[in-house]
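Comments concern the structure below.
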Amino acid sequence: MSPPVAPPGWSRWLVPPAALSVHLSIGQAYAWSVFKPPLESALGLSGTQSALPFQLGIVMLGLSAAFGGTLVERKGPRWAMTVALVCFSSGFLLSALGASLEQYWLIVFGYGFVGGIGLGIGYISPVSTLIKWFPDRPGMATGIAIMGFGGGALIASPWSAQMLESFGGDSSGIALAFLVHGLSYAVFMLLGVLLVRVPPRERSAESGPSVLAGPQVSADRAIRTPQFWCLWIVLCMNVTAGIGILEKAAPMITDFFADTSTPVSVTAAAGFVALLSAANMAGRIGWSSTSDLIGRKNIYRVYLGVGALMYALIALFGDSSKPLFVLCALVILSFYGGGFATVPAYLKDLFGTYQVGAIHGRLLTAWSTAGVLGPLIVNWIADRQEEAGRHGASLYGLSFVIMIGLLVVGFVANELVRPVDPRHHVPAPKEAAHVERQQSESA
């Protein structure tokens, strides 16, 4: 499958909708917490066990993005989106079979392993193409598309909750909900597969400036630089802080106010998940666009520094005020989403556009690590606290202190980022030959 080259006069503004169709679909992963309570009830699982499909999915996202990044650069976005469609939809179908048979391992394998591969390939599929179409506004371009991943749960959370209410929260109802998800997302992702295009060899002035401007670094050289690993720590810490809330959002807000005069209902908890998704989505376009104005390093100072302050406020005063709890959580999730959307532009600033998609894929192993670390910290500590007889907000106090420490580590790592040493730059003739070869293959 050759990368489809845009014909003369084709508008670059058609690429973000193609990317959105994929990212809005795979963004369902952020609504996994809606399935946690019915799975725990139907299959007798603990909170830690019910998080396994999500955790494995994030692990496979990072691994498939890392190992498939170079292949995606070579094969192009249409091939990548097709692979993502097949894997992500198949993951739901396998999960439906697992729920029907009450075989939880099959849900973990389907949603986590197979679906996780679809998450990773789908996530990076449009990023490099978007940066090449919008080298003048990389933060905005990637933010538009990647906000779909954050906003996917805004659609999926109430949709999934309504299906579970209609079909039932037992194993057969869960299986039917998984089946509907898999088929529906396959159709929606197909729109992106058919619409996406790569830039032509000669760019018009309307399409923006030249892609290969400034120093360029290959993926193999990038991972040998301290800048890559500083950014890896920055992303890992920021994601761990956000995903710790997001993965357990519905049970967390219920626990926090269970002992108050106004406990949170199941419907309100699902609404809270949707609100977090809205903040996640808004942060991806809002903060990443802001980074085009104030710079990537400065915006990450906000994500990590103010994020630590928000966690401190929740830990100290969150159980005494629902508005404060919700507001701080929304800010944290907006930073979480903004961090994802800004990092491709940060990579482009440091390493150029030469192999930015492959570099981005390798960096997403930080997401894999955080996908295990965040939920593990929150769920494991909450389970241990519950076993010790504690309840309510006290289940999460220690977790929040740990998150503050991790954000401080990320803040320090961001301060250590410097321009890449010229010895890592790709010589211009080699770079040009590589681009020429890729374009010849796609013609």
| query | Carbon-plus-sulfur fraction of the accessible area of the stretch 1-143, 1.4 Å probe, in percent? | reply | 68
| Residues of the stretch 293-312 with amide nitrogen under 20 Å from the 7 Å Cα-to-Cβ point of Thr260? | 310-312
| message | I'd like the Karplus ³J(HN,Hα) series for the stretch 42-47: coefficients 6.51, -1.76, 1.60, θ = phi - 60°, whole numbers in Hz, and an x wherever there's a Gly or Pro. | response | 6, 10, x, 9, 8, x
| Net charge contributed by nearby residues that have their C-beta within less than 13 Å of Trp287 (K/R +1, D/E -1) | +2
| task | Place the peptides 219-226, 377-384, 15-22, 415-422 in order of packing, highest mean first, counting for every residue the other Cβ atoms within 10 Å and averaging per peptide. | result | 15-22, 377-384, 219-226, 415-422
| message | Please list, ordered by chain and number, the residues whose modelled amide H lies under 5 Å from the amide H of Val5; skip anything fewer than 5 residues away on the same chain. | response | Val198
| List the lysines whose alpha-carbon lies under 18 Å from that of Lys36, not counting same-chain residues fewer than 8 positions away? | Lys248
| query | Taking +1 at the Cβ of each Lys and Arg and -1 at the Cβ of each Asp and Glu, which of Tyr303, Val34, Tyr104 sits farthest along the dipole of the chain towards its positive end, judged by Cα position relative to the Cα centre? | reply | Tyr303
| request: Quickly work out the Leu191-to-Glu386 label distance, labels modelled 7 Å from Cα along the C-beta direction, and quote it in nm with one decimal. | output: 3.8
| Sorted by average packing, counted as other Cβ atoms within 10 angstrom per residue and highest first, what order do 232-244, 392-404 take? | 232-244, 392-404
| query | What number comes out for the charge environment of Leu350, summing +1 per Lys or Arg and -1 per Asp or Glu over other residues with Cβ under 12 Å away? | reply | +3
| Per residue, how many Å² of accessible area does the chain show with a 1.4 Å probe? | 36
| field | Length released on extending from Ser321 to Leu101, taking residue separation times 0.36 nm less the Cα-Cα span | value | 74.9 nm
| Fraction of accessible area attributable to carbon and sulfur, the stretch 292-338 (%, probe 1.4 Å) | 73
| field | Coil-residue chymotrypsin sites (Phe, Trp or Tyr not before Pro) of the stretch 1-38, DSSP, other Cβ within 10 Å capped at 16 | value | Trp10
| What is the helix-to-structure angle for 138-167, meaning the angle in degrees between its Cα long axis and the longest Cα principal axis of the chain, kept from 0 to 90 and rounded to the nearest 10? | 30
| message | Rounded to the nearest percent, how much of the accessible area of the stretch 212-289 (1.4 Å probe, protein heavy atoms only) is carbon and sulfur? | response | 70
| If packing is taken as the mean number of other Cβ atoms within 10 Å per residue, what is the order of 247-259, 317-329, highest first? | 247-259, 317-329
| request: Treating cross-link reach as a plain straight distance, find the lysines whose alpha-carbon is under 17 Å from the alpha-carbon of Lys75, omitting any fewer than eight places away in the same chain. | output: Lys132
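The values are calculated or read from the model by the stated rules, or taken from the named source; none is laboratory data. Quick caveat: nothing in here was measured; it's all calculated off a predicted structure. Note that we place each Cβ from the backbone using ideal geometry, even for glycine, and neighbour counts take in every protein chain shown. Protein only, heavy atoms only, side chains kept; ligands, DNA and RNA dropped before computing areas. Shrake-Rupley method; radii C 1.70, N 1.55, O 1.52, S 1.80 Å.
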